[in-house]
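The values are calculated or read from the model by the stated rules, or taken from the named source; none is laboratory data. Since the model is a prediction, treat every value here as computed from it, not as a measurement. Note that each Cβ is placed from the backbone with ideal geometry, even for glycine, and that neighbours are counted across all protein chains shown.
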Amino acid sequence: MNNTQYPFERNLDGIYYRVVHEGKGLNKCFTDLTEEEQNNILERYEKDQLIRMCQLLAGTLRQIGDQLDIVCDD
């Protein structure tokens with residue numbers, strides 16, 4: 001990975017992956033990875049793994065919404 005800018009690190013989802021950035025091994029949350037890194041991970045997943053990840057991300061999103069009392073209206 002070269003000259004790729006990571007999103008602001010928030011450590012929200014608790015789903016960590018080991019990635020190498022600028023020669024350093026880092027543990028980053030899935031939502032803190034670049035889109036390219038996310039795609040590389042998702043391409044290797046099977047259906048059951050993708051379902052589990054979606055469930056974990058949905059739970060995290062729900063928890064954040066509950067804690068901050070966020071409701072999206074159309």
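Observations on the structure shown:
- Against the numbered list (1) part of a helix (DSSP H, G or I); (2) in contact (Cβ under 8 Å) with a residue 12 or more places away in the chain; (3) under 13 Å from the mean Cα position of the chain (by Cα), LEU42 comes up short only at (2).
- Entry remark, the stretch 60-69: residues being outside any helix (DSSP H, G or I) and under 16 Å from THR31 (Cβ atoms) number 0 in total.
To keep it simple, each residue is scored yes or no on (1) modelled with pLDDT of 95 or more; (2) of a type in the set (Lys, Arg); (3) in a helix (DSSP H, G or I).
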| position | (1), (2), (3) |
| --- | --- |
| GLN5 | no, no, no |
| GLU36 | no, no, yes |
| ARG52 | yes, yes, yes |
| GLN55 | yes, no, yes |
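- Test result for GLU46, loosely packed, with under 12 Cβ neighbours inside 10 Å and either closer than 25 Å to GLN5 by Cβ or in contact with a helix residue (DSSP H, G or I) (Cβ under 9 Å, 6 or more places away or on another chain) (or both): no
- The stretch 50-74, subset within 14 Å of the chain's Cα centre (by Cα) and of a type outside the set (A, V, I, L, M, F, W, C), residue surrounded by the most Cβ atoms within 10 Å (Cβ to Cβ): THR60
- Considering the stretch 11-32, the residues that are of a type outside the set (Phe, Trp, Tyr) and assigned to a helix (DSSP H, G or I) include one that is surrounded by the most Cβ atoms within 10 Å (Cβ to Cβ), namely ASP32.
- Restricting the first member to the stretch 1-13 and to residues that are of a type in the set (Val, Ile, Thr), and the second to residues that are in a loop (DSSP other than H, G, I, E, B) and at pLDDT 80 or above, the beta-carbon pairs closer than 8 Å and six or more apart or on different chains are THR4/THR34.
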